[in-house]
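Engineer: I have a structure I would like to understand better, so I am pasting it below and will then ask my questions one at a time.
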Amino acid sequence: MAEAAPTGHPGVDDALARLEETAGVETGEQVAVYEDVHRRLADILAALDRE
């Protein structure tokens, strides 16, 4: 998996960096990482809506 380009938002960059953990891991073990990334990004978007 290619490294994600920086977005300029530290929280988004940290969440996307977690996707690198899925490389070489069986599909079933990737689910927790994807769920965590989704939660983090959803939380960031929700926080932006509150601003």
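Coordinate-derived values only; no laboratory data. Bear in mind that the values here come from a model prediction, so they are computed numbers and not experimental data. Cβ sites come from the backbone with ideal geometry, for glycine too, and all protein chains shown count toward neighbours.
Condition check ((1) of a type in the set (D, E, K, R); (2) part of a loop (DSSP other than H, G, I, E, B)) across all residues:
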site: Ala4; (1), (2): no, yes
site: Thr7; (1), (2): no, yes
site: Asp14; (1), (2): yes, no
site: Leu19; (1), (2): no, no
site: Gly24; (1), (2): no, yes
site: Val31; (1), (2): no, no
site: His38; (1), (2): no, no
site: Leu45; (1), (2): no, no
site: Leu48; (1), (2): no, no
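Engineer: Same structure again: Among residues belonging to region 13-51 that are in contact with a helix residue (DSSP H, G or I) (Cβ under 7 Å, 6 or more places away or on another chain) and of a type in the set (Val, Ile, Thr), point out the one that is nearest to Glu3 (Cα to Cα).
Structural biologist: Here the residue is Thr22.
Engineer: Kindly provide the set of residues from region 10-19 that are surrounded by 13 or more Cβ atoms within 10 Å (Cβ to Cβ) and either closer than 20 Å to Ala47 by Cβ or of a type in the set (Asp, Glu) (or both), ordered by number.
Structural biologist: If the condition is that a residue be surrounded by 13 or more Cβ atoms within 10 Å (Cβ to Cβ) and either closer than 20 Å to Ala47 by Cβ or of a type in the set (Asp, Glu) (or both), then Gly11, Val12, Asp13, Ala15, Leu16, Ala17, Arg18 are the ones that fit.
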